[in-house]
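Taking it in order: structure first as structure tokens, then the write-up.
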Amino acid sequence: MGQAWVRNAWYVAGWAHELGSDAVIARTIIGEPLVLYRQDDGTPVVLQDRCCHRLAPLSMGRREGDNLRCMYHGFKFSPEGRCIEIPGQPKIPPKAVVRRYPAVESGSWLWVWMGDPALADPTQIAPTISLKDPAYRMKAGQLDYDANYILIDDNLLDLSHLSFAHENTLGRGMPQWAQERPRISRLERGLRVERWIQNRATPPYMQQKLGDTFDNFIAYDFLFPGLFLLRAYFYPAGTAQRVNLEAPNEPPLFQRCDDQAVTPVDARRSRYFYAAGARAQDIEWPQVEKMYGITETAFHEDKALIEAQQKMIDRDPEHPMVLATADAAPTQFRRMVQQWLDAEQPTPGAQRIA
Amino acid sequence: MGQAWVRNAWYVAGWAHELGSDAVIARTIIGEPLVLYRQDDGTPVVLQDRCCHRLAPLSMGRREGDNLRCMYHGFKFSPEGRCIEIPGQPKIPPKAVVRRYPAVESGSWLWVWMGDPALADPTQIAPTISLKDPAYRMKAGQLDYDANYILIDDNLLDLSHLSFAHENTLGRGMPQWAQERPRISRLERGLRVERWIQNRATPPYMQQKLGDTFDNFIAYDFLFPGLFLLRAYFYPAGTAQRVNLEAPNEPPLFQRCDDQAVTPVDARRSRYFYAAGARAQDIEWPQVEKMYGITETAFHEDKALIEAQQKMIDRDPEHPMVLATADAAPTQFRRMVQQWLDAEQPTPGAQRIA
Amino acid sequence: MGQAWVRNAWYVAGWAHELGSDAVIARTIIGEPLVLYRQDDGTPVVLQDRCCHRLAPLSMGRREGDNLRCMYHGFKFSPEGRCIEIPGQPKIPPKAVVRRYPAVESGSWLWVWMGDPALADPTQIAPTISLKDPAYRMKAGQLDYDANYILIDDNLLDLSHLSFAHENTLGRGMPQWAQERPRISRLERGLRVERWIQNRATPPYMQQKLGDTFDNFIAYDFLFPGLFLLRAYFYPAGTAQRVNLEAPNEPPLFQRCDDQAVTPVDARRSRYFYAAGARAQDIEWPQVEKMYGITETAFHEDKALIEAQQKMIDRDPEHPMVLATADAAPTQFRRMVQQWLDAEQPTPGAQRIA
């Protein structure tokens, strides 16, 4: 497919809680097999999941202290990916190494840097809400897609689909998603998308706080490769008009939070990690469960559509798309990805993002 | 595989009863994704099953009156395939169209024209027996093949296989199928295949009419892409000799009817539609059931052989076939298909029929 | 993958008991479809499993005396692969033949020669123990691999993996497998691999004969394409030192036997046939069962690793292996296979063994 990847970026490899202290697990990101484990002090380690000897997966191996042993013929590797033991052989060839990937735990995710290790800067990792943060009540899940990540990005960058794809879930009773266009602004590694939705009907459990209807300011940062960090701020009806539909400066009565990450597994598979909830002061757990349930149902609606879309694309990969004004953000984001990709390639423009 | 398709032809897309008034269903014919639905007045509509916007399948959409709406971002299409609504956008780009395919309901089948719409002439559709026609008692079914349609055509054009592949079903006790060659004559869009089988043992329920043995005149028209319209005429023993093995001119005592259609899904998949029965005056429903049951068992015998044959061909696509005198009709038909294909191609001979 | 095959060799096609007197079975070896049956006198016949007519598998056919009939249109073939009957057609075209492969039953295996029939010499077939030989008690099984045969050969030629892959089964308590290197010598069609393992702990049921520990001389011939013929000789502790770690000349107190054969199905699939046991004088059946059970568990450990290794290789077929001193035998054997392959090819070096 000519698929190429932007490598100099932090990718979400999984939930921190997936990697127990003795666990050795396999992941694939941008087509590369990775093995994840923790050192004795809990530091996550990510190596190429392919022993340099006979190419068996190291994820079938065993953690031994800070090191990882291949359980085919017993080669042992340090967290830097250097082979430090070959049974029955005193001398270890210098080529006996596997690639190490910089890895960091931040928020509740494990992040891995797929590019040049010298460029890996953990301060570039976007802040996300930890599931353990007492200031929030968030529920987490994940979903595997048989689709290229960029199609999921397209979906998240154009929420006009809420009125149709999610007419019975997230978009119920809200033609505004499709009828009104959001404000889009550029960030260093992505886009900010903001909009007011006015006069929404208030769910029963918020009516005491908000009255029968409310104004909703919905803003998210969308960052490469597929980070979707949404905050929905709930205000009394009339607020949107009063601030002239600008971004509000006043504290909201309620604040919904969604942290999501799309990770490309390979050109036709992606893994989607997500947490949904609100500030602890706004919500009780039963409401979190309900909110999460509707959200996850909607994700399955997306998955069905996007996987079908991928199949249609695979039948005729050169078929053009006729884009609409609602496609402004996905179009802009695809252009940025192409630029980042070109910047990493010896021959800019020779590679395609999907 | 270099597979190319004759496009200017009517293909059977399905049974009329499969397409309910609110149904929106997906079909693939000659590799092209189609969506089928009905207008308010019942007229069948066939469009390309790929929204011009983000390429999601329209078959995941919703019928709205005579129109069809994509349920990803809400684009709406007329029965002509023109986009007539983009939510939140007053101007519709002229390129926002999907391909329309001429469609007709005839007999009990839905027919679609895959080629140039200007050439679509419904009068060219071969007459077939409607399942609702009170003059007949027919039972219908269908079967999916993992095989190229031309292999099923070969099978239907050379019934010598009845004596072996169907030695326990349709060909039981009839070495004549393999021992005797039929008369073949050319039609505009296919071939006519006729033969007498003399002195067949009469099934019990026909013995009152036919005696212990009878003469059977079996004739079928085989038309592109895989229409098999068979009538078997039952006469008193001795009739074949009396008419010098020519086509009989006198009314039969019993008449069996088989209408079948092979539709190419893609180069390796086909769908086979069939109805089997007899004139209402000849048969009661329990006998139709029995006749149909034997026929369908035989179709599964064919399916096992033809799918295995396809796998063998896929292992070595250039392996030659050593043909026999029984292959006259399939050979002639393949040559006709090649000619129709060449007539549609800018470079005749450059494309292969399978 | 550029996979090419050494053809002038005897391949194990199956167990003799798999092919009953009326059985007609399909096998694939080095990517070629074969049909196996027996003549009236029991002689095994191997033909190409593809009727010369319409290319249906002959393995869906029927044995008729010494001959085999295709059950699609009834072509009948002699054990030499010559078509001897076409129903309804007196003259048989001379091209109506299918390839015949020389076949022999030896030991308990059926062997087929995949190369030039003029070079097929059954005396070249290595002697193996018949399951019916009263001098032995052997139990047999088989396993299908989704992996190239050469990876299984690599595994069997470097038993250093026993200490790791089989640390709970065949290699339990024996770091020597990985720590000590065997003696390797060249045979005409493969390699001989020999080693002493000293001071092994004796299993309870042998302690009366052997005492608490014993010395073990383990020797196997490994022959193309994947024949592994192992004999393990058990001696009183101290024997290895006394004979200066040379091959012993004296009769052992116990002798374990393993006859195994790896047959390439195609470039990504293999079938592994094996029998394990000992001399009848050494062992009772319950011990054979136990020995076999541990062995088969170990084979499943190998299968999991080797199939995972194959998948890693398929992700990046050009990824180099960093070899160790333990790889001497597999490296030498791969070089021999390449030489045999080159010797059969018009352009030596142009083809790859895996």
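How many nanometers, to one decimal and shortest first, lie between the label point of C:Gln39 and those of its other copies, if labels sit 7 Å from Cα toward Cβ? Ordered by distance, the counterparts are at 7.3, 7.3 nm. For region A:156-230, the spread of Cα positions along the three principal axes, ordered from largest to smallest, is 40, 26, 19 Å.
Around the Cα centre of chain C, unit charges on the Cβ atoms of Lys, Arg, Asp and Glu (plus for the first two, minus for the last two) sum to a dipole of about 640 debye.
Between region B:272-302 and region B:175-200, the alpha-carbon centres lie 20 Å apart.
With a Förster radius of 35 Å applied to the C-beta separation of C:Tyr205 and A:Glu85, the computed FRET efficiency comes to 0.45. Looking at region C:58-101, the trypsin sites (Lys or Arg not before Pro) that sit in a DSSP loop and have at most 14 other Cβ atoms within 10 Å of their own Cβ are C:Lys91, C:Lys95, C:Arg99. Approximating the spin labels as points 7 Å out from Cα along Cα→Cβ, the C:Glu250-to-C:Glu194 distance works out to 1.7 nm. With both labels modelled 7 Å from their Cα along Cα-to-Cβ, the B:Leu143 to B:Glu307 distance reads 1.0 nm.
Stokes-Einstein, applied to the Kirkwood radius of region B:147-280 over Cα pairs at a viscosity of 0.692 mPa s and 37 °C, places its translational diffusion at 208 µm² s⁻¹. How high is the FRET efficiency from A:Ile294 to A:Arg183, r the C-beta distance, R0 25 Å, rounded to 0.05? That gives a FRET efficiency of 0.45.
Once the Cα atoms are used to define both axes, helix C:285-315 deviates from the longest principal axis of chain C by about 70 degrees. Heavy atoms of the protein chains alone define the surface here; on that basis region A:38-177 has 38 Å² accessible area per residue at 1.4 Å probe size. With contributions of -39500 (n - 2.57) from each DSSP H run of at least four residues, the per-residue ellipticity at 222 nm computed over chain B stands at -6000 deg cm²/dmol.
For the set A:Asp259, B:Asp66, the ranking by accessible area, highest first and with no ligand, DNA or RNA atoms included, is B:Asp66, A:Asp259 under a 1.4 Å probe.
Among the protein heavy atoms of the protein assembly as shown, carbon and sulfur supply 50% of the accessible surface, probe 1.4 Å, non-protein parts ignored. Placing +1 on the Cβ of every Lys and Arg and -1 on the Cβ of every Asp and Glu, with no other charges, gives region B:239-346 a dipole of roughly 60 debye about its Cα centre.
When Rg and the Kirkwood radius Rh are both evaluated on Cα atoms of the protein assembly as shown, their ratio Rg/Rh stands at 1.03.
Angle check, please: helix A:328-344 long axis (alpha carbons) against the longest principal axis of chain A (alpha carbons), in degrees 0 to 90, nearest 10. So the inclination is approximately 20 degrees. Neighbouring Cβ atoms from other chains, within 10 Å of the Cβ of residues in C:48-60, number 6 on average.
How large is the Rg to Rh ratio of region B:83-210 when both quantities use alpha carbon positions and Rh follows Kirkwood? Dividing the radius of gyration by the Kirkwood radius yields 1.14.
For the options A:Leu119, A:Leu156, A:Leu210, a Gaussian network treatment of chain A with springs between C-alpha atoms closer than 10 Å singles out A:Leu119 as fluctuating the most. Residues in region C:206-235 near a label at C:Val243, defined as backbone nitrogen under 14 Å from the 7 Å Cα→Cβ point? C:215-220, C:231-235, by backbone N distance to the label point.
Plainly put, the tip 7 Å out from Cα toward Cβ on A:Pro122 is 7.2, 7.2 nm from that tip on each other copy, the closest given first.
Taking amide H as placed 1.01 Å from N in the peptide plane, A:Gln39 has its amide H under 5 Å from the amide H of A:Val45, each at least 5 places away in sequence or on another chain. Converting the Cα gyration tensor eigenvalues of region A:1-58 into ellipsoid dimensions via √(5λ) gives semi-axes, longest first, of 22, 16, 9 Å. Applying 1/(1 + (r/R0)^6) with r as the Cβ-Cβ distance of A:Thr325 and B:Arg352 and R0 = 41 angstrom yields a FRET efficiency of 0.35. When the P(r) of region A:272-348 is calculated, the portion above 14 Å amounts to 78% of the C-alpha pairs. In plain terms, the bigger the Kirkwood radius, the slower the diffusion; for region C:40-117, with that radius from Cα pairs, at 20 °C and 1.002 mPa s, Stokes-Einstein puts D at 163 µm²/s. In this simple spin-label model, placing a label point 7 Å from the Cα along the Cα-to-Cβ direction at both B:Arg99 and C:Asp121 gives a separation of 6.2 nm.
Debye-formula intensities of region A:75-132, expressed as log10 I(q)/I(0) at q = 0.23, 0.25 Å⁻¹, are -0.90, -0.98 (one equal scatterer per alpha-carbon, no solvent).
Over region C:229-354, accessible surface divided per residue gives 45 Å², non-protein components excluded, 1.4 Å probe. Starting from the coordinates of the alpha-carbon atoms of region B:5-140, obtain the Kirkwood hydrodynamic radius over all distinct pairs and give the value in Å to one decimal. For region B:5-140, inverting the mean 1/r across all distinct Cα pairs yields 15.6 Å.
Let a ≥ b ≥ c be the square roots of the eigenvalues of the Cα gyration tensor of region A:101-145; is it rounded (a/c under 1.5), or, if not, prolate (a/b larger than b/c) or oblate? Because a/c hits 1.5 or more and a/b fails to exceed b/c, region A:101-145 counts as oblate. Semi-axis lengths, largest first, of the ellipsoid equivalent to chain A are 41, 24, 17 Å, with √(5λ) applied to each eigenvalue of the Cα gyration tensor.
Phi angles of region B:168-175 translate, via the Karplus equation with coefficients 6.51, -1.76, 1.60 and θ = phi - 60°, into HN-Hα couplings of 9, 10, 5, x, 4, x, 10, x Hz per residue; Gly and Pro are given as x. For C:Trp15, the residues whose modelled amide H falls within less than 5 Å of its own, excluding neighbours fewer than 5 places apart on the same chain, are C:Leu110.
Computed over Cα pairs, the Kirkwood radius of region B:190-247 leads via Stokes-Einstein (0.692 mPa s, 37 °C) to a diffusion coefficient of 269 µm² per second. Please build a GNM for chain A, connecting alpha carbons under 10 Å apart, and tell me which residue among A:Asn168, A:Asn155, A:Asn249 fluctuates the most. Among A:Asn168, A:Asn155, A:Asn249, the largest GNM mean-square fluctuation belongs to A:Asn249. Over all directions, the projected convex hull of the C-alpha atoms in region C:202-354 averages 12.0 nm² in area. Inter-chain neighbour count for C:161-172: the average number of beta-carbon atoms from partner chains within 10 Å of each residue's beta-carbon is 3.
The values are calculated or read from the model by the stated rules, or taken from the named source; none is laboratory data. Given the structure is predicted, the values throughout are model-derived calculations rather than measurements. Neighbour counts run over all protein chains shown; Cβ positions are idealised from the backbone, glycine included. Keep in mind that these areas ignore ligands, DNA and RNA; they rest on the heavy atoms of the full protein, side chains included. Shrake-Rupley method; radii C 1.70, N 1.55, O 1.52, S 1.80 Å.
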